[in-house]
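Q: Supplied in structure tokens, the structure appears directly below.
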Amino acid sequence: MTDPVLTICFPDWLNDFLSGSPVTFPEVEARMRFVIKLSRLNTQHGSGGPFGAAVFDINGGLVAPGINLVASSGCSLLHAEVVALAAAQRVLGRYDIGDGGRFLYELYSSSEPCAMCFGAIPWSGVSGLVCGARDEDVRAIGFDEGAKLTDWVSALTRRGIRVERDVLRAEARAVLEGYAAAGGLVYNPG
């Protein structure tokens, strides 16, 4: 048996990209453009699927990025949202990044969450979720998003998590469509 430790390693291109990026993104659209760019670069560099995410503080300060690392890591858990949340938890030093509601953080994702990522969001401590592409956009290129509550937005809202959808949806959907057109790997197809 090998050592059962899981280490999440970001590809080198991500560090290069982050060193040239601003650390604060005051507008919602700027934050979404950042995660969409992560999703695009992830596919261009061949390091994962067409998904990007990031955790921002309430003022738009970048806490942690996330990219899809499923195929490159051989771990089905490493969706962009989960990677961003795990990285934020590591940076902040706590599993509840909101620290019981004392601090406000938002998760931005290039697409709506799959069933797994939806489940991780309430436990993470974020106070908001902002999405680009829709679930149906992801399913349209062949990904299986799993069985998610029909009214998942209300479920998160009831837990105090604000949800905003369709932010730069066309740009986010274009990354998905470009990935499919280029023959990108669709793991766990629907």
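The values are calculated or read from the model by the stated rules, or taken from the named source; none is laboratory data. Keep in mind it's a predicted model, so treat the numbers as computed, not measured. Here the Cβ positions follow ideal geometry from the backbone for every residue, glycine too, while neighbour counts run over all protein chains shown.
Q: Could you list all residues from the stretch 49-60 that are buried (at least 19 other Cβ atoms within 10 Å of the Cβ) and over 16 Å from residue 18 (Cβ atoms)? Outline the logic, then answer.
A: Filtering the stretch 49-60 down to residues buried (at least 19 other Cβ atoms within 10 Å of the Cβ) leaves 49-56.
Hits for the stretch 49-60 are 49, 50, 51.
Condition check ((1) under 19 Å from residue 124 (Cα atoms); (2) part of a loop (DSSP other than H, G, I, E, B)) across all residues:
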site	(1), (2)
17	no, no
22	no, yes
34	no, no
64	yes, no
71	no, no
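Q: Further question: If residue 107 satisfies all but one of (1) surrounded by 15 or more Cβ atoms within 10 Å (Cβ to Cβ); (2) within 19 Å of residue 57 (Cα to Cα); (3) modelled with pLDDT under 95; (4) not basic (Lys, Arg), what's the number of the condition it fails?
A: (3)
Q: If you check 142, 178, which single one turns out to be on the phi < 0 side of the Ramachandran plot and in contact with a helix residue (DSSP H, G or I) (Cβ under 8 Å, 6 or more places away or on another chain)?
A: Values: 142 fails: on the phi < 0 side of the Ramachandran plot.
Of 142, 178, the one residue that is on the phi < 0 side of the Ramachandran plot and in contact with a helix residue (DSSP H, G or I) (Cβ under 8 Å, 6 or more places away or on another chain) is 178.
Q: For the stretch 168-190: of the residues being in contact with a Gly (Cβ under 8 Å, 6 or more places away or on another chain) and part of a loop (DSSP other than H, G, I, E, B), which is modelled with the lowest pLDDT?
A: 190
Q: Further, regarding this structure: Testing residue 56 on (1) in a strand (DSSP E or B); (2) closer than 23 Å to residue 144 by Cα; (3) of a type outside the set (Asp, Glu), one condition comes back false. Which one is that?
A: Looking at each condition in turn, residue 56 falls short on (2).
Q: Which of the residues that make up the stretch 77-109 are part of a strand (DSSP E or B) and closer than 10 Å to residue 66 by Cβ? Outline the logic, then answer.
A: To start, the set of residues in the stretch 77-109 that are part of a strand (DSSP E or B) comprises 105-109.
Selection gives 107, 108, 109.
Q: Before we move on, is residue 74 farther than 23 Å from residue 22 by Cα, without any contact (Cβ under 8 Å) to a residue 24 or more places away in the chain and out of contact with any helix residue (DSSP H, G or I) (no Cβ under 7 Å at 6 or more places or on another chain)? If you could, list the steps in order and put the result at the bottom.
A: Values: farther than 23 Å from residue 22 by Cα: yes; without any contact (Cβ under 8 Å) to a residue 24 or more places away in the chain: yes; out of contact with any helix residue (DSSP H, G or I) (no Cβ under 7 Å at 6 or more places or on another chain): yes.
Yes, satisfied.
Q: May I ask you to list the residues in the stretch 17-32 that are surrounded by fewer than 19 Cβ atoms within 10 Å (Cβ to Cβ) and closer than 14 Å to residue 170 by Cα?
A: 29
Q: Which one is farthest from residue 36 (Cα to Cα), of the residues in the stretch 130-156 that are surrounded by 17 or more Cβ atoms within 10 Å (Cβ to Cβ) and acidic (Asp, Glu)?
A: The selected residue is 145.
Q: Then there's this: Could you check how many residues of the stretch 78-98 are surrounded by fewer than 24 Cβ atoms within 10 Å (Cβ to Cβ) and either modelled with pLDDT under 95 or within 12 Å of the chain's Cα centre (by Cα) (or both)?
A: Summing the residues that are surrounded by fewer than 24 Cβ atoms within 10 Å (Cβ to Cβ) and either modelled with pLDDT under 95 or within 12 Å of the chain's Cα centre (by Cα) (or both) in the stretch 78-98 gives 3.
Q: Sticking with this structure for a sec: Give the residues of the stretch 157-179 that are under 20 Å from residue 35 (Cβ atoms) and free of Cβ contacts under 8 Å to residues at least 60 places away in the same chain, sorted by residue number. Outline the logic, then answer.
A: Of the residues in the stretch 157-179, the ones under 20 Å from residue 35 (Cβ atoms) are 161-179.
Selection gives 161, 162, 163, 165, 166, 169, 170, 173, 174, 177.
Q: How about the stretch 144-154: which of its residues are out of contact with any Phe, Trp or Tyr (no Cβ under 8 Å at 6 or more places or on another chain) and in contact (Cβ under 8 Å) with a residue 12 or more places away in the chain? Working first, answer last.
A: Taking the stretch 144-154 and keeping what is out of contact with any Phe, Trp or Tyr (no Cβ under 8 Å at 6 or more places or on another chain), we get 144-147, 150-151, 153-154.
Correct list: 144, 145, 146, 147, 153.
Q: If you don't mind, there's one more thing I want to ask. Return a yes/no flag: does the stretch 80-89 have any residue that is in contact with a helix residue (DSSP H, G or I) (Cβ under 8 Å, 6 or more places away or on another chain) and over 22 Å from residue 33 (Cβ atoms).
A: yes
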